[in-house]
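Presented below is the structure to which this report refers.
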Amino acid sequence: GGLFGAFALLLILLGCVTTHAATLNSIDVSPANPSIDVSQTQLFTATGTFSDSSMQVLESAATSLSAGYYSTCSVLADGKVKCWGGNQYGQLGDGTTTQSNLPVAVSGISTATVIAAGYYSNCALLASGQVQCWGYNQYGQLGNGTNTQSNVPVTVSGISTATTIAVGYAHACALPRW
């Protein structure tokens, strides 16, 4: 999470600087040293300074970011999810258990609106109101009625109108629309 997560966010932001004619010299991110706990999110603003001395607020391809204990995930503007970090229980959601120092695409998600990262598992809220989770599942935190870990997203049973989600050490929660 932490510093590594912030560095990976900068890599995502760099992917958004393709239309400016001058070369990007530096990126200033604020807040500079945020304190983010597991399953909390933080809004960042990034300003690029270019070789022609112009400055521009960089629009992020990431719309949501959550740092868990062993992994960090982001929702991109197109609804896809990318995660990076530890992956011993499949918490990157890419179908493997290989850790990655760079963001990797989470399998099969294209309509995510919110991401929540936990200890060894992560969940995404989809535009439909459904929730999908992946990773460690000893305590049933993936919500699919099993205790089997999954290295790809599985749909949480009985949730179709969620408005927000949270993931902790050995649990996940969704707030339904009433």
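Some values worked out for this structure:
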read-out	value
Scan of the stretch 76-126 for residues that are β-branched (Val, Ile, Thr) and free of Cβ contacts under 8 Å to residues at least 40 places away in the same chain, ordered by number	Thr98, Val104, Thr111
Of residues in the stretch 19-62 being outside any loop (DSSP other than H, G, I, E, B) and among the aliphatic types (A, V, I, L, M), the one modelled with the lowest pLDDT	Leu58
The stretch 66-83: number of residues that are under 17 Å from Gly118 (Cβ atoms) and surrounded by fewer than 24 Cβ atoms within 10 Å (Cβ to Cβ)	2
Residues satisfying the stated conditions in the stretch 120-178, i.e. aromatic (Phe, Trp, Tyr), at pLDDT 95 or above and part of a loop (DSSP other than H, G, I, E, B)	Tyr120, Tyr136, Tyr139
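So that you can scan it fast, the table gives a plain yes or no per residue for (1) in contact with a strand residue (DSSP E or B) (Cβ under 8 Å, 6 or more places away or on another chain); (2) small (Gly, Ala, Ser); (3) farther than 17 Å from Ser74 by Cβ:
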| residue | (1), (2), (3) |
| --- | --- |
| Pro103 | yes, no, no |
| Ser107 | yes, yes, no |
| Ser110 | no, yes, no |
| Gly118 | yes, yes, no |
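The values are calculated or read from the model by the stated rules, or taken from the named source; none is laboratory data. Note that the coordinates shown come from a computational prediction; the quantities given were computed from them, not determined experimentally. Positions of Cβ are backbone-derived with ideal geometry, glycine not excepted, and every protein chain shown enters the neighbour counts.
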